[in-house]
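Report on the structure given below.
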Amino acid sequence: MSRKFFGTDGVRGRANSYPMTADFCLKLGAAAGSYFRRANKKSHRVVIGKDTRLSGYMFENALTAGLTSSGMNVLLLGPVPTPAVGLLTNSMRADLGIMISASHNEHSDNGIKFFGPDGYKLSDSVELEIEALVSKGIVYVSPEDIGRAKRIDDGRYRYIERVKSSFPNQMRLDGLKVVIDCANGAGYKAAPEVLWELGAEVIPVGVSPDGRNINLECGSTSPTVAAETVVAHGADVAICLDGDADRVLIIDEYGRPIDGDQFLGMIGSRWFKNGNLVENTLVSTVMSNMRLEAFLKQEGIKLVRTFVGDRYVVERMRLNGFNLGGEKSGHVVMMDYSTTGDGLMAGLQFLAEMVRTGEVASVVGRPFDLAPQKTENITYAGDKNPLDHPSIKKIISESEKKISGFGRLLVRKSGTEKLIRIMVEAEDASVIDATMSPVVAAIKEL
């Protein structure tokens, strides 16, 4: 059964355009509430967090109306990181958790991410059942069973304590000068507080949200300001979060970004040497650099690949009991501490390695060199997937055969935006260009 409005990470789109409209989100909230109501329980609750987008107020109210109409009591956390919603859904014994965010997208977009009572993102099958409830209409509860809404003031502080618990006991960040770029997003209060409490000298960037500047020339997708701030202040490192703080980009002392695959390799190697890596296995996606796999193999670690999307990484980790995984894009999932990617927790792991080794960020963050890799994103219009066209299938198949044995070609449709993403990887840069060009040209021509 095909999806109607759920993508790879919840529901996402431009605010005030379907499906991200107030009336639709009211129906979506009612459907999700109806699905998670349990006949044997007298009271039901859902926690709702959001990032700093202006449209978050609208969707928070719409979802609250839908959820209370289905008998859910709503606990409003206000602006908190996405991983805080996963944490508090479980710790507050809620039936459902919701994060209102479009992650790294611009402020005009927004999205709805759902977490089950265990604090993990919903499976494809559950999302399809919620879609079905929206389509066939909701049976609302009686007036006596309508839910209530309540503000929770200490959600951020509960999250801060959980984040600090992931940092090694007795270790401090004294002497480290850390730039923290919060993307004017959900982590703008929590992240600087955590670093300061652990002893770092904190230089904050992107901590003045106004509803429209989330991810605007700041954060993990626009790290120029953070990089310049590192150099200008002589800082040791920068931790750059995205709008909902579930992913991270590290900037070294020279103002250079550290690749997400190198970061994963560093953490995987350290956990393996400490005996903390379950089954000596790290989980990542098909987008991860082929030299990450070679490095891990040399270390004695197995790499398991999944579809793109942190939810698929988590699903594989849960299926096999693995405790470390992530994506090249900066999602790092540490199942010992969190149910989803957590940019701040991941950043603390990096700082812990700097303290443990006494090495600078540029050394800690680059345990191996990357194979040359090139990516390109192509925007498309309409609802039809360009990759379903016979001519595009043909050129992709031909290009895959040509590069086989020399590198990799991956072409996929984004699950969150109207983009076709193309990645080519090979040891020889000329092979990359020769493979990329015909595929890009064919898709653009179509």
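Looking across region 45-57, the residues that are open to solvent by 60 Å² or more (accessible area, probe 1.4 Å) and not aliphatic (A, V, I, L, M) come down to R45, Y57.
Quick grid of which residues meet (1) more than 28 Å from D153 (Cβ to Cβ); (2) buried (at least 21 other Cβ atoms within 10 Å of the Cβ):
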residue: R14; (1), (2): yes, no
residue: D23; (1), (2): yes, no
residue: G33; (1), (2): no, yes
residue: S43; (1), (2): no, no
residue: F59; (1), (2): no, yes
residue: L63; (1), (2): no, yes
residue: S69; (1), (2): no, no
residue: L75; (1), (2): no, yes
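Just one of the listed residues (V207, V231, V225) is aliphatic (A, V, I, L, M), closer than 26 Å to S55 by Cβ and assigned to a helix (DSSP H, G or I), and it is V225. When we screen G206, G211, G260, G265 for residues that are more than 17 Å from P81 (Cβ to Cβ), small (G, A, S) and either surrounded by fewer than 23 Cβ atoms within 10 Å (Cβ to Cβ) or free of Cβ contacts under 8 Å to residues at least 60 places away in the same chain (or both), the only hit is G211. Within region 224-256, the set of residues being open to solvent by 10 Å² or more (accessible area, probe 1.4 Å), of a type outside the set (V, I, T) and under 28 Å from R156 (Cβ atoms) comprises A227, H233, D236, R247, L249. In region 153-173, the residues that are in a helix (DSSP H, G or I) reach residues that are open to solvent by 40 Å² or more (accessible area, probe 1.4 Å) with C-beta atoms within less than 7 angstrom, at least six apart or across chains, in these pairs: R156/K189; I160/E193; K164/E197.
Based on this model, can you work out whether E253 counts as charged (D, E, K, R), in contact (Cβ under 8 Å) with a residue 12 or more places away in the chain, assigned to a helix (DSSP H, G or I) and more than 25 Å from R412 (Cα to Cα)? No; evaluated as a whole, the condition is false for this residue. Only one entry of A183, A132 meets the criterion of being on the phi > 0 side of the Ramachandran plot and of a type in the set (A, V, I, L, M), and that entry is A183.
Once region 86-107 is narrowed to residues that are part of a loop (DSSP other than H, G, I, E, B) and out of contact with any Leu (no Cβ under 9 Å at 6 or more places or on another chain), the residue that is most open to solvent (accessible area, probe 1.4 Å) is R93. Could you look through region 358-399, keep only residues that are over 20 Å from R412 (Cβ atoms) and free of Cβ contacts under 8 Å to residues at least 24 places away in the same chain, and pick out the one that is surrounded by the most Cβ atoms within 10 Å (Cβ to Cβ)? It comes out as V363.
The values are calculated or read from the model by the stated rules, or taken from the named source; none is laboratory data. The structure presented is a predicted model; accordingly, all values stated were derived computationally and were not measured. Cβ coordinates were reconstructed from backbone atoms using ideal geometry, including for glycine residues, and neighbour counts include every protein chain displayed. Surface areas here come from the heavy atoms of the whole protein model, side chains and all, with no ligands, DNA or RNA. Shrake-Rupley method; radii C 1.70, N 1.55, O 1.52, S 1.80 Å.
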